[in-house]
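Please read the structure below before turning to the comments.
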């Protein structure tokens, strides 16, 4: 009897440790999401009247707009990438791979901003098409396999029902069942 109580006590401790770990990770994720408005508005601390900015860490020079505007464009792409990556890595659903499409879109837009390209949102679709041609069918195949696995018995009965010969009147009555 003592061995059985000892075993259940050990399982309770393992379950409590798992709950604490899950709670800690969930709290960290909530904190990472909650801090995003503060991260977004960091661009306001950048100089707004110059195209050249020098710090002890780096030096940057913009071609078309002020450092503040450049920071606004940059943060406007980094924050969605940050949130989408957080969603991708914490999502437990089978379809989470499709989140890579908007992540790639924002990364291409970010690359255009970093290179200070004038045609920011014009060419990334051409780069996204190969990724979408792989991801979308792959996610659909996963969905189809899961659907077939879940509804295997229903599909068999459906096929049997289709194989039965019925009159037109029986078919009409079956529609209103």
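The values are calculated or read from the model by the stated rules, or taken from the named source; none is laboratory data. Quantities reported herein were computed from a predicted structural model and do not represent experimental measurements. Backbone-built Cβ (ideal geometry, glycine too); neighbour counts: all protein chains shown.
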- [ ] Within region 43-66, work out how many residues are in a helix (DSSP H, G or I) and surrounded by fewer than 14 Cβ atoms within 10 Å (Cβ to Cβ).
- [x] 2
Open item on the list: Condition check: at pLDDT 80 or above and out of contact with any helix residue (DSSP H, G or I) (no Cβ under 6 Å at 6 or more places or on another chain). Does residue 28 satisfy that?
Closed with: yes
- [ ] Name the helices (runs of 4 or more DSSP H) wholly inside region 67-177 in which the number of residues that are under 19 Å from the mean Cα position of the chain (by Cα), farther than 25 Å from residue 46 by Cβ and modelled with pLDDT of 75 or more is 1 or more.
- [x] 67-90, 100-114, 124-150
